[in-house]
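The values are calculated or read from the model by the stated rules, or taken from the named source; none is laboratory data. Here the structure is a predicted model, which means the values were calculated and not measured. Virtual Cβ from ideal backbone geometry, glycine too; neighbours counted across all protein chains shown. Surface accessibility is based on the protein's heavy atoms, side chains included, excluding ligands, DNA and RNA. Shrake-Rupley method; radii C 1.70, N 1.55, O 1.52, S 1.80 Å.
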Amino acid sequence: MKYDVIVVGAGLAGLTATCQLIDAGKKVLLVDQETENSIGGQAFWSFGGLFLVDSPEQRRMGIKDSKELAWQDWMGSAGFDRLEDEDSWAYKWARAYVDFAAEEKYDWLKSQGIQFFPVVGWAERGGALAGGHGNSVPRFHIVWGTGPALVEPFAEKVLKAASNGRVDYMPRHQVTELIIDGNAITGVRGNVLETSVIRRGEESSREAIGAFEYYGDAVIIASGGIGANVELVKKNWPSRLGKPPKTMISGVPAYVDGRMLQIAEQAGGRVVNRDRMWHYTEGLRNWDPIWKNHGIRILPGPSSMWFDATGKRFSSPNFPGFDTLSTLEAIQKTGYDYSWFILTEKMIEKEFALSGSEQNPDLTNKSIYQILKRILPGPPAPVQAFKDNGEDFVVAHGVKDLVEGMNRLVGNQLLDFMHIKEQILARDREIENKFSKDAQVTAIHGARNYLGDKLIRAAKPHKMLDPTAGPLIAVRLNILTRKTLGGLQTDLNGQVLNDYGKPIPGLFAAGEVSGFGGGGVHGYRSLEGTFVGGCLFTGLQVGKYLSK
């Protein structure tokens, strides 16, 4: 059977491209190795955060943003240093994406029926100079309904088109080979997998019960990254970050395995920036896992004290929520693959959020009533569940008991009670005034100048050893695998390039498999809200091009 376009992967990038092709009346085949209830891929599990520039929500919160400021932040974060080669198209995609985020993106999302939570979040704050890494202003717009609501309009459109014969959607179809005719990609071959009755996110069977072969004028690869393939993550681990962690937990389901990257490379596609990846340093082992080695990321406010495995407090810019990559490097230099937050009950009830749609039922279910309950004393229910059941938490009423519990949890005696207490006391003395030489304390005061942080993200400054602040809490933080920043190098139409920089006829890529555009649109660092946003943008661009 012959199609205009074959799309490999029913995640957000693949769905977005398919929707454009539906509007153009193209004959489309959408194949995915997972079950139909996995449509939307990793975006379904996301917090639904989107990077937008000078939005109405920002203006209502008193935030002054501009395309120029956003580009300054992007360039300071990306640190592109391979512009003559691996970053050449990534830079162009970055410029196009910032333009998109400042212009068309907001109205386009609204036209899809997507709404936003009114308080804009402030992710990746940087902690260095104006021209360095980080968002100068809050730009993290949370979709009302989180990841499921972001996926919904695109998935519904595709499923409706499939029901009336305008799209052939084939789940449980695993591509194993791209068909090559001369120098062009003309189709896909693979295995039909057995029916697998599982919950969304659970690992599905790979047992083949048949084979398929389909042809098309173009093939779009939208299959995601390598985050669940720990061996491949370790193989690509950058030497600048030292040795890869011995232990990592997984922020993505098993199907994020990087298979299609290798298949595309075998067909002549060029993979660039393999050593760039985005893993989080604030991972918790999920007490109620869905997939193997399931980890959840803490989205922290600015107040927790952050210590390495030996009990030494991290310095600027390695504060909670400031510079993920710098903190990852600092942790790796210790020779241990974990670190610690120490905080109070007052801090955790306001400052801890957990990434993921399933960890935010109030936002995901669009419940104003549940959201208003966040202002009540105590942590949100999902955070409390981790505190009660998670293996990474220690709670105590004094520093000595806390440190003993921390040592007991990890099975060593690295932490010295007096050393920890002296550092906490030193920090507490800086709280006496509204000004401080402690960079983190100064940052806390700065955060509370933003109304959004003052309302829901930054606890009122207080001494950690104040008994009225509640018990002390220590949280062991694990390295959490997540995003692939490198990938297939593509031009601005999404066409995959070969080793000579020439487009491969018939082969396109969108989403994480293309490094969210050009083989690495983020460079070395993400400003956050740019992953699902990158899937949307690359899917939109490729879909528009092939619609012509």
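General remarks:
- Per DSSP, loop chymotrypsin sites (Phe, Trp or Tyr not before Pro) in segment 348-457 with at most 15 further Cβ within 10 Å: Phe435
- At an R0 of 30 angstrom, the distance between the Cβ atoms of Glu103 and Thr176 translates into a FRET efficiency of 0.15.
- Sites listed here are chymotrypsin sites (Phe, Trp or Tyr not before Pro) in segment 463-518 whose DSSP assignment is loop and whose Cβ has at most 13 other Cβ atoms within 10 Å: Tyr500.
- Cα-based helix-to-principal-axis angle, 88-102 vs the chain, degrees rounded to 10: 70
- Cleavage-rule hits (GluC sites (Glu not before Pro)) in segment 126-198: DSSP loop, at most 14 neighbouring Cβ within 10 angstrom: Glu194
- Qualifying aspartates and glutamates (Cα of each under 12 Å from Cα of Lys243; at least 8 residues distant if same chain): Glu329, Asp337
- The chain: angle of helix 531-547 to the longest principal axis, Cα-based, in degrees nearest 10: 20
- Relative contact order (percent, whole number), the chain, Cα cutoff 8 Å, 6+ residue spacing: 24
- Ligands, DNA and RNA left out, the accessible area of segment 42-192 computed with a 1.4 Å probe is 52% carbon and sulfur.
- The aspartates and glutamates within cross-link reach of Lys460, meaning a Cα-to-Cα straight distance under 20 Å and a gap of 8 or more places when in the same chain, are Glu345, Glu349, Glu351, Asp428, Glu430, Glu432, Asp438.
- Pairs beyond 28 Å (Cα-Cα), from Lys105/Lys292; Lys2/Lys110; Lys463/Lys483; Lys2/Lys544: Lys105/Lys292; Lys2/Lys110; Lys463/Lys483
- Of the three principal axes defined by the Cα atoms of segment 186-304, the extents in descending order read 55, 37, 25 Å.
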